[in-house]
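Following: one structure in structure tokens, then a few remarks.
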Amino acid sequence: MRIWEYIKDKAGILIGYLLFIAVMLIAFRAMRTPGELTVIFLVLTVLLLVTVILTDYIKRRHFYNSLYAHMEQLDQKYLVMDTLEEPGFYEGKLVYEALYEINKSMTEHVKEYRQSVDDFKDFIEIWVHEIKLPIASLVLMCHNNQDKIPKKYEDQVNRLDTYADQVLYYVRAEHASKDYRFDSVRIKSVVNKVALKNKDMLLESDICLDVHDVDVSVTTDAKWLEFMINQIMSNSIKYMKPDEDRQIRIWTTKAGDDITLHIRDNGIGISEVDLPRVCEKSFTGENGRRFAKSTGMGLYIVKGLCDQLGHHLTITSKENIGTDVAVTFGGNDYYLVDE
């Protein structure tokens, strides 16, 4: 709060007070009041005016500066009321009470909104669990009747299963930390599970899977790592070139205590314009519109999981050459589970 802005705001009162002093001086002169008394009156009146103005300014300045300072320090600015003391002047009390009522109303609305969102997420999670039962039955039926059911039906059922998993993991992602179990995980074991899950798509698409140097351990959550690798591999399969030698390479590199898992394909790649945005929510880009139906959620969820798990996701790509997705695991064993 600036003093000159405050004085400008009080200009009407100050002008009225100065006019009062001028009138009194004229009256003193008309009554031939001694000059000493006039000077004393003038000095006392000015001192009183300055004292009143400064006292009022200091009280207001303390409150408003405190309000703005706390707002700047808070990420969630609606919590500012918890940091303020009730001011000692009437106008400030009115502002304080108004802010309190606004904050209370907003908190109640946010609580209702969060409750509705939580209820919806609970419903979706239950629905996904229910829908996965008939999907699993369809997968088993396709497997047991391979001579009667065309392969394309099994592929579509597998896609349904993958999308159902994606919905389930997305719904859980916000509170996934409650489900984390950090442990020493062998990347080879996780990659084998993902390869087995995608073996039919790899064979049908005539994709060569080259896996090497993955017999290493990292500190992470095995279940969520499997989901991330599966999402990355599904993207590689989806965006392969139609008429060339198709290949997905998976390997690890080590630099100090860090281990980096690379998943590289020789598919259609990502344009330079789209590359910075591929991890944004619902972003499909040019490839998603031209070559495959994409939800734009896979890499968004993977990026969010990497951030929560303390891993680092890097994506490099060149159009018509291929894409390399790298997940770097730190060497910190702080989260290891004691058995």
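The values are calculated or read from the model by the stated rules, or taken from the named source; none is laboratory data. Quantities reported herein were computed from a predicted structural model and do not represent experimental measurements. Methodologically, a virtual Cβ is constructed for each residue, glycine included, from the backbone with ideal geometry; neighbour enumeration extends over all protein chains shown. What goes into the accessible areas is simple: the full protein's heavy atoms, side chains included, and nothing from ligands, DNA or RNA. Shrake-Rupley method; radii C 1.70, N 1.55, O 1.52, S 1.80 Å.
The single condition from (1) open to solvent by 90 Å² or more (accessible area, probe 1.4 Å); (2) under 38 Å from the mean Cα position of the chain (by Cα); (3) over 24 Å from ALA11 (Cα atoms) that LYS148 fails is (2). Here VAL218, VAL214 are screened, and the one residue that is open to solvent by less than 30 Å² (accessible area, probe 1.4 Å), under 28 Å from the mean Cα position of the chain (by Cα) and within 21 Å of CYS306 (Cα to Cα) is VAL218. Within the range 33-84, the set of residues being polar (S, T, N, Q) and assigned to a helix (DSSP H, G or I) comprises THR38, THR45, THR51, THR55, ASN65, SER66, GLN73, THR83. The condition (being in contact (Cβ under 8 Å) with a residue 24 or more places away in the chain, among the charged types (D, E, K, R), closer than 28 Å to GLY285 by Cβ and open to solvent by 40 Å² or more (accessible area, probe 1.4 Å)) is satisfied by just one residue among GLU226, GLU244: GLU226. Residues in the range 272-281 that are open to solvent by 70 Å² or more (accessible area, probe 1.4 Å) and either within 14 Å of TYR300 (Cα to Cα) or of a type in the set (Asp, Glu) (or both): GLU272, PRO276, ARG277, GLU280, LYS281. Consider the range 173-190 and keep the residues that are open to solvent by 90 Å² or more (accessible area, probe 1.4 Å) and modelled with pLDDT of 75 or more. The one that is farthest from VAL117 (Cα to Cα) is LYS188.
Could you tell me whether ASP56 is closer than 23 Å to ILE3 by Cα, acidic (Asp, Glu) and at pLDDT below 85? Here the answer is yes, as ASP56 does meet what is asked.
Considering the range 168-263, the qualifying helices (runs of 4 or more DSSP H), each wholly inside and each with 2 or more residues that are out of contact with any strand residue (DSSP E or B) (no Cβ under 8 Å at 6 or more places or on another chain) and under 27 Å from LYS121 (Cβ atoms), run over 187-197, 222-238. Please specify each residue of the range 1-31 satisfying the condition of being open to solvent by 40 Å² or more (accessible area, probe 1.4 Å), part of a helix (DSSP H, G or I) and closer than 18 Å to THR55 by Cβ. Hits for the range 1-31 are ILE3, TRP4, GLU5, ILE7, ASP9, ILE13, TYR17.
The set of residues from the range 247-271 being more than 16 Å from VAL191 (Cα to Cα) and either polar (S, T, N, Q) or open to solvent by less than 30 Å² (accessible area, probe 1.4 Å) (or both) comprises ASN266, GLY267, ILE268, GLY269, ILE270, SER271. One residue alone among ASP338, ASP324 is open to solvent by 90 Å² or more (accessible area, probe 1.4 Å) and either charged (D, E, K, R) or modelled with pLDDT under 85 (or both), and that residue is ASP338.
In this structure, does ILE135 turn out to be over 17 Å from LYS197 (Cα atoms), under 34 Å from the mean Cα position of the chain (by Cα) and touching a residue at least 24 places away in the same chain (Cβ under 8 Å)? For ILE135, the condition - over 17 Å from LYS197 (Cα atoms), under 34 Å from the mean Cα position of the chain (by Cα) and touching a residue at least 24 places away in the same chain (Cβ under 8 Å) - is not met.
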